[in-house]
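The values are calculated or read from the model by the stated rules, or taken from the named source; none is laboratory data. Treat the numbers as computed from the prediction; the structure is a model and nothing was measured. Using ideal geometry, Cβ is built from the backbone for each residue, glycine included, and neighbour counts are taken over all protein chains shown. Accessible surface areas use protein heavy atoms only, side chains included; no ligands, DNA or RNA. Shrake-Rupley method; radii C 1.70, N 1.55, O 1.52, S 1.80 Å.
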Amino acid sequence: MSDQGEPTQTAVLPPLVLDRNSPVPLHFQVSQHLEQVITSGQIPPGTLFTSEIELGERLGVSRPTMRRAMQQLVDKGLVVRRRGIGTRVVRPKVKRPMELTSLFDDLKSGGQSPTTQVLALEEIDSDEALAAKLEVKPGEPVVRVVRLRSAAGRPIAKMTNYLPTGLVDFDAETLEEQGLYALLRARGVQMHMATQVVGARQATASESRLLDEPRGSALLTMERTTYDDHGTVVEYGSHVYAASRYTFETSLMRS
């Protein structure tokens, strides 16, 4: 028995044919394959994976590639790593089917008329933390976009986004008229998935002034990394929302 009360067995993986000529990274191909066999029930909860070295040899990929693929499964809550035990499949956590939309899209579809003030649109050199988020080399130039989004004449959110330079061919004026995701879609970017973390904290003095909130007011925070259909990061966003005027709504379904 596993430490979660599930019967223990060793994973038997269906064959995987990797497309080494595809622009889709190998680690993404492997993680998608493993996610499919886990969520379909082919590999049930409690199943123990062999070591990453053995898995890599069986699937024909290097250990770093295998480790990266397994980390994506860990991040999605599909497997857990236990020292001295190994990597085990777990029952998926409750999923919140939040649509991959922008605040601009949400406000517009809700019948409001969003307005945007671009506070910054500049090229910067990525530090190590930002490079890791965008999966680029440290020091590589990226574009930083800072916007103030309002509705009904009141500010709602300060949004900071970072994008690869090759995806930015718009100016501040265009960005004030259209949503960021709409501009990316217009240039052919197919946004496939995102990882998102929602939290809360108190506003700083500058954030309070910008959002027209009392100092120390509650803010909702959101960090999102968005990937295209090739598994490539297309943007990383760090946003703060005035909690008095904005909430995140999710639908929870029993599986």
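Each Lys or Arg adds one and each Asp or Glu subtracts one; over the other residues with Cβ under 15 Å from the Cβ of ASP212, this totals +4. Proximity of backbone amide H atoms, modeled 1.01 Å from N, is registered between THR50 and ALA11 at under 5 Å, excluding neighbours fewer than 5 places apart on the same chain.
Electrostatic bookkeeping for ALA203 treats Lys and Arg as +1 and Asp and Glu as -1; over the other residues with beta carbon under 14 Å from its beta carbon, the sum is +2. Qualifying GluC sites (Glu not before Pro) in segment 170-255, where qualification requires a DSSP coil assignment and no more than 12 other C-beta atoms within 10 Å, comprise GLU249.
In this structure the amide hydrogen of GLU235, modeled in the peptide plane, comes within under 5 Å of the amide hydrogens of THR226, none closer than 5 places in sequence on its chain.
With r defined as the distance between the Cβ atoms of SER217 and VAL24 and R0 fixed at 35 Å, what FRET efficiency is calculated, to the nearest 0.05? The partial results should precede the final answer.
On the way: r = 43 Å, r/R0 = 1.24.
That gives a FRET efficiency of 0.20.
Heavy-atom accessible area, probed at 1.4 angstrom with all protein chains present, ranks MET191, MET159 as MET191, MET159, highest first.
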